[in-house]
Amino acid sequence: MTKWHDYLKKNGKAPPWPYAVEYDKEQEIETDVLVIGGGIAGCWAAISAARKGIRVTLVEKGNTIRSGAGGPGCDHWCNVPANPHSKVDPDEWAKVLTERPGVLGPLQKDPTKCSYGNGIGNQIQCREDYDTLLEMEQMGGKIRDTNDEYVGAEGRYDDTKFMLSPRVSPDHSTEVVIRIWGTTFKPALKEECKRLGVNIYDRVMVTSLLTEGGIQGARVVGAIGFNNRTGEFMVFKSKAAVLATAGNYSLWMLNTELAGYNTFRSRTMTGDGAAMAWKAGAELTLMERSGILNLGTGFKHTWYGGAGDASYENIQLVDANGKKLPWPVQGWPDGGAMRPAPEIHESIRKGIDTGEWALPFYGDFPAMPDIERKVTWKLMLGEESTTKIITNTYNRAGFDPAKHLLQNYQFIEGTSPSQWRTTSGSGPIVDWDLKTTLDGLYVAGEQMFSAGDHSYAASTGRYAGRKAAAYAGQVNRATVSKEQVALEKARIYAPIKRSDGIDWKELQAGISRTMQYFCSEFKTESLLDMGLDSLKEIEEVFVPRLYAFDPHKLMRSIEDLSLLAHGQAILHASLARKASSQTLNFFRIDYPEVDPPEWCKFVTIKLENGKVKTGELPMNYWGDMKANYEAHNKDYTGVYKG
Amino acid sequence: MAQKNINAIPNIISPNTPVIFNPDICDGCNQCVEVCQVDVYIPNPEKGKPPIILHPDECWYGGCCVNDCPRPGAITFNWPLQQRAYWKDKATGKVLRDSY
């Protein structure tokens, strides 16, 4: 008896709320550096700030031990050009990443002036993520094949026991990505936070930033939040804050009862950070960019967003008759490419109709050399995010990769509609300190525009933490506006004062529908205007009907308000870009020209006195990456020796 | 024999069993409650008993609850039917699936 309705049947009533309900309680926390979000970037920010000997507070919606996109695990430490086996120069590789879209690989073949990469973030990652990786090892994370489990595997170096990955390394040309045992990382990071005295608040949702005098665009002096189990109100007062929140994978789609959330990120990732930065007056960019969710109509749990189930690195795909498909080998010869070129994909599609290729397709694990199969099944799939539980489930059910072909769901489960999108790749404008346009507000990890992967989150978090700590050491504490706190308190608790109306699921589905209709494949000025009107109506008519039964549903409800604000920012940014762009997956019917040179620039939006202001920055606004990195990091001391 | 004395209840949330607890092994330590990213569970009001699955519709199938359980066998991952996997024996050509 573990299901809610079983309890109801047995006891004749619902279980009582298991936590103290404390909507009327209020807690004030004073700190030097406040880190918002306890995922990979947030933990690293807290650790590096705490090393400076100042007071650090970390606030996390879930539990820091396993929260965030990298919480369950991670199998690749991407783009680590300072590793001893690398064949590329860190500064050169940072340029490659910045000028060639596709940071997670495969990289676009040629550089483009219209790449929208983040030169600052890429430079930090390339210079510092090897040091970050070594620090991860110091904390107890496993980064080498110390047990000699994979001796003889391609890419394993016997001297360092590092396992290099084929990703972006066709025929070992770069050796720039390292395979890791990422399931060991997150608990070690939380432990290190605790060891350094970081004050951790788990199960607390930060809902907004506090600005000096409550003025939009002024210095950030703290944040407001509430405990999503007890409902307790929290006021955080800080000298500097690091926004280390996640992206937003829920704005365009609500999917619960069909099969649970499987949009590559959990429902907790609702764009809270972008919404609070927007409302505080920070300048945001690339908000008009969206990605396709790449979920098939089957909603099946994919290994990896869009990669197809068996099509992981190193595995040859074959058709139902065992015939090899012209899919990339996904190993060293192809540099770990996970998808074929569009024209090859199309030719396979045609070949299915003519009988050349028989469905379904399979991943031919048995054809792999034993050691490579073991690396792929046990290390890569066993350590990557949510796939550890999947491989364990397969093993339990009798799947043996030495004997069995793993079914692939390409084509048979259909294609994700273009209306199912993600908001990935947008965020606040940052400078060389990873400071936003607001004093006192820094940003790291996935919350940055054009962010990268796990090691990007780790290295930018580590960097933002030390910069925020330096700022906190120079400034005085500012006063928090009582009026701003009171207004936010009223906003947060409105849904629990109602017991009827519209719940968080219905509201989210309504917001998502607006985004699907008016901000997806077909974009014109009038459609986007209709989208803004629709969201305004939702805000004015339906949000005042929002109700929540308990602190958990209250969190989901306030997340909906983040989604709403995020949607509004996206629509404003979409109106501001009067051109189409391939890289941004942004196509305006009324401005069909794709990436015209005059629009190869960062379009920015911000709120000033509640009004939307648009602006622009040149593609390489950060200047010379190497020179500026060095100018801003003369005091950088490398691997922590504390 | 089907029960005749039944209550009127609405359609329940489903799938609603992302995991199956073994009450003989689970000692109600609530580690799974704590590591869950989305708070799918609440502790059982009765101490020492397995948690209650309160928000199955928010489950991400991330697996941390099962991966981090200190008592092996106390909690088992349970994919919804439509998410179960297929594979094929290379030698015999027989199509197999997860019927656990």
**Prompt:** In what sequence do A:Arg491, A:Arg203 fall when counting other Cβ within 10 Å, fewest first?
**Reply:** A:Arg491, A:Arg203
**Request:** Past 22 Å, Cα to Cα, is the threshold; run A:Lys237/A:Lys279; A:Lys25/A:Lys237; A:Lys186/A:Lys279; A:Lys87/A:Lys601; A:Lys190/A:Lys388 against it and keep the listed order.
**Result:** A:Lys186/A:Lys279; A:Lys87/A:Lys601
**Message:** Please give the Cα centre distance for the stretch A:396-469 versus the stretch A:82-145, rounded to the nearest Å.
**Reply:** 14
**Prompt:** Got a sec? Charge dipole of chain A, +1 on Cβ for Lys and Arg, -1 for Asp and Glu; which of A:Ile390, A:Pro551, A:Pro328 is way out at the positive end?
**Reply:** A:Pro551
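When the chain is fully extended, how far beyond the present Cα-Cα distance does A:Gln474 get from A:Ala367, taking 0.36 nm per residue of separation? If you can, show how the numbers build up before the last one.
Numbers: separation 107, 0.36 × 107 = 38.52 nm, distance 6.09 nm.
Length difference between fully extended and current span is 32.4 nm.
May I ask for the net charge around A:Lys350, where only other residues with Cβ less than 15 Å from the Cβ of A:Lys350 are counted and Lys, Arg are +1 while Asp, Glu are -1?
Values: positive: A:Arg349; negative: A:Asp319, A:Glu343, A:Glu346, A:Asp353, A:Glu356.
With Lys, Arg at +1 and Asp, Glu at -1, the net is -4.
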**Request:** In nm, give the distance between the simple-model label positions of A:Ala627 and A:Thr354, each being 7 Å from the Cα along the Cα-to-Cβ direction.
**Result:** 5.6
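How would chain B be classified by its alpha-carbon gyration tensor: rounded, prolate or oblate, with rounded meaning a/c under 1.5 and the a/b versus b/c comparison settling the rest? Don't skip to the answer; put the middle values down first.
On the way: a/c = 1.93, a/b = 1.27, b/c = 1.52.
Cα axes put chain B in the oblate bin.
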**Asked** Around B:Ile75, which amide H atoms from residues at least 5 apart in sequence, or from another chain, sit under 5 Å from its own amide H, with H modelled in the peptide plane?
**Response** B:Asn22
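Given just the C-alpha atoms of the stretch A:487-595, how large is their convex hull per residue in cubic angstrom?
Details: hull volume 10.7 nm³, N = 109.
Cα convex hull per residue, to the nearest whole number: 98 Å³.
Projected area of the stretch A:346-470, taken from the Cα convex hull and averaged over every viewing direction, in nm²? Don't skip to the answer; put the middle values down first.
Values: hull surface 49.3 nm².
Across all orientations, the stretch A:346-470 yields a mean hull projection of 12.3 nm².
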**Request:** Return the long-range amide H neighbours of B:Arg97 (sequence gap of 5 or more, or a different chain), with a cut-off of under 5 Å between placed amide H atoms.
**Result:** B:Trp87
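Once a ≥ b ≥ c are taken as the square roots of the eigenvalues of the Cα gyration tensor of the stretch A:317-408, is the result rounded (a/c under 1.5), prolate (a/b larger than b/c) or oblate (a/b not larger than b/c)? Walk me through the intermediate numbers first.
Working: a/c = 2.06, a/b = 1.60, b/c = 1.29.
Prolate.
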**Request:** Specify the inter-centroid distance of the stretch B:24-58 and the stretch A:515-573, based on alpha-carbon positions, in whole Å.
**Result:** 33
**Asked** On alpha-carbon atoms, Rg over Rh for the protein assembly as shown using Kirkwood Rh?
**Response** 0.95
**Virtual spin-label span in nm between A:His85 and A:Val21, 7 Å along Cα→Cβ** = 5.7
**Item:** Rounded Å value of the spacing that divides the Cα centres of the stretch A:318-372 and the stretch A:1-54
**Value:** 45
**Request:** Name the shape class, rounded, prolate or oblate, that the alpha-carbon gyration tensor gives for the stretch A:19-61, where a ≥ b ≥ c are the square roots of its eigenvalues, rounded holds for a/c under 1.5, and otherwise prolate holds if a/b is larger than b/c and oblate otherwise.
**Result:** oblate
**Prompt:** For the modelled label position 7 Å from the Cα of B:Asn7 along Cα-to-Cβ, which residues of the stretch A:1-34 have backbone nitrogen atoms closer than 11 Å?
**Reply:** A:5-15
**Asked** Once phi is turned into θ = phi - 60°, what whole-Hz ³J(HN,Hα) does the Karplus curve with 6.51, -1.76 and 1.60 give for every residue of the stretch A:12-19, x standing for Gly and Pro?
**Response** x, 7, 6, x, x, 4, x, 10
**Karplus-derived HN-Hα couplings along the stretch A:589-603 (A = 6.51, B = -1.76, C = 1.60, θ = phi - 60°), whole Hz, x at Gly and Pro** = 5, 7, 9, x, 4, 8, 6, x, x, 5, 9, 7, 7, 7, 8
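Which helices, counted as full DSSP H runs in chain A, have an axial Cα extent of no less than 24 Å and a Kyte-Doolittle average of -1.0 or above?
Details: long enough: A:119-138 (28 Å, -0.89); A:454-472 (26 Å, -0.55); A:551-576 (38 Å, 0.31).
Correct list, ordered by number: A:119-138, A:454-472, A:551-576.
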**Prompt:** Rounded to two decimals, what is Rg over Rh for the stretch A:433-525 when you use alpha-carbon atoms and the Kirkwood radius?
**Reply:** 1.11
**Request:** Tally the DSSP beta bridges in the stretch A:34-187 and give the antiparallel ones as a percent, rounded to 5.
**Result:** 65
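Counting Lys and Arg as +1 and Asp and Glu as -1, what is the net charge of the other residues whose Cβ lies under 12 Å from the Cβ of A:Asp202? All intermediate terms of the calculation are to be shown ahead of the outcome.
Details: positive: A:Lys61, A:Arg66, A:Lys190, A:Lys194, A:Arg203, A:Arg229; negative: A:Glu60, B:Glu34, B:Asp39.
Net local charge, A:Asp202 excluded: +3.
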**Fill in**
Here, A:Asp590 and B:Ser14, labelled 7 Å along Cα→Cβ, have an inter-label distance in nm of 4.8
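Taken together, the values in this text are just the output of simple stated rules run on the coordinates, not laboratory data. Computed from a predicted model, the values in this text were never measured in an experiment. Cβ sites come from the backbone with ideal geometry, for glycine too, and all protein chains shown count toward neighbours.
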